[in-house]
Amino acid sequence: MLPPGETLFTTFRLAGSVPARAFRALHRQRQEAQETARQLTDAAAYQAALRRAEKVFFAGFDALLDAASVGPTFLEKEKIAEVVAGELMLLEELGFRVLGFALLPNHVHAVLHLPAGSGVSLYKSLQLLHQRTAAQSRRLLRTTLPPEADFWQTGSYDYAVDDPAELLRLIDYVRHNAERAGKQGRWLDWPYCYVRPAYA
């Protein structure tokens, strides 16, 4: 049983970190799978097909990010990683429970829980986190990031978690993401990877 409130697996990435054509192809495949799911008359089969479409989309999306074939890799810089990790942990002061996160060179995965009745908007809080981390990172990158260039890609991939087994699977995914992407050493430790002690 999940505690009351919202639990979210979110992925956000640096601007320009995925080849546009490949991303459009993935998005098109997801739309086609969703359209096929809508033809199902059984509610359980429909929901299962939608979940499957999301999982297939995310697997392809994350593989493109891990390949890092285009775009910046600013999160490799320790000071920027510290900024992003620090801001994620500051969500605890707003009432969030940060269950885990992983920073890779060009993207971030996080599992967050917002208790019921907190009066805080999960999506507004993430939007503010993006704004704050972008502003701080720009100061650190002032010689390499043009003023007109975006730091984060607009939008994020968000997946509502409503099953306890799935929550554990996603936390495990976050914990081992750097290893799967072929990262060694410091990528497995703070500030690049964190799992709440209760789930460690």
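The values are calculated or read from the model by the stated rules, or taken from the named source; none is laboratory data. This one's a predicted model, so the numbers in the text were calculated from it and none came from an experiment. Here the Cβ is made from the backbone with ideal geometry for all residues, glycine too, and neighbour counts use every protein chain on show. What goes into the accessible areas is simple: the full protein's heavy atoms, side chains included, and nothing from ligands, DNA or RNA. Shrake-Rupley method; radii C 1.70, N 1.55, O 1.52, S 1.80 Å.
Computed from the alpha carbon positions, the gyration tensor of the chain leads to an equivalent ellipsoid with semi-axes of 27, 22, 16 Å, biggest first.
Since only 112, 154, 167 are under comparison, the one whose Cα sits farthest along the positive direction of the charge dipole of the chain, derived from C-beta charges on Lys, Arg, Asp and Glu, is 154. Taking the helices alone, the chain has a mean residue ellipticity at 222 nm of -16000 deg cm²/dmol, built from -39,500 (n - 2.57) per DSSP H run of at least 4 residues and averaged over all its residues. Per-residue SASA remark: residue 194, around 40 Å² accessible (1.4 Å probe; ligands, DNA and RNA not included). Relative contact order of the chain, taken over Cα pairs closer than 8 Å and 6 or more residues apart, is 34 percent. Just check segment 97-138 against the gyration tensor rule for me: Cα atoms, a ≥ b ≥ c as the square roots of the eigenvalues, rounded for a/c under 1.5, and otherwise prolate or oblate depending on whether a/b exceeds b/c. Since a/c reaches 1.5 but b/c is at least a/b, the shape of segment 97-138 is classed as oblate. Straightening the chain between residue 198 and residue 166 buys 9.9 nm, computed as 0.36 nm per residue apart minus the Cα-Cα spacing. A cut-off under 15 angstrom between Cβ atoms defines the neighbours of residue 176, and their net charge, with Lys, Arg +1 and Asp, Glu -1, is -1. Highest mean packing comes first when the peptides 28-36, 5-13 are listed by Cβ atoms within 10 Å, giving 5-13, 28-36.
D by Stokes-Einstein for segment 18-67, Kirkwood Rh over Cα pairs, 4 °C, 1.567 mPa s: 114 µm²/s.
Accessible surface calculations at 1.4 Å, restricted to protein heavy atoms, place the chain at 52 Å² per residue. Peptides 155-167, 50-62, ordered by how many other C-beta atoms sit within 10 Å of their residues on average, highest first, read 50-62, 155-167.
Per-atom-type breakdown for the chain gives carbon and sulfur 55% of the accessible area (1.4 Å probe, protein chains only).
Taking only alpha carbon atoms, segment 114-196 gives an Rg to Rh ratio of 1.02, where Rh is the Kirkwood radius. Simple point charges give the picture: +1 on the Cβ of Lys and Arg, -1 on the Cβ of Asp and Glu, and for segment 18-67 a dipole about the Cα centre of about 120 debye. Which residues in segment 14-52 place their backbone N less than 16 Å from a point set 7 Å from the Cα of residue 149 along the Cα-to-Cβ direction? Under 16 Å, as judged by backbone N against the label point of residue 149, lie 14-19 of segment 14-52.
Label-to-label distance for residue 82 and residue 28 is 4.5 nm, based on points extended 7 Å past Cα in the beta-carbon direction.
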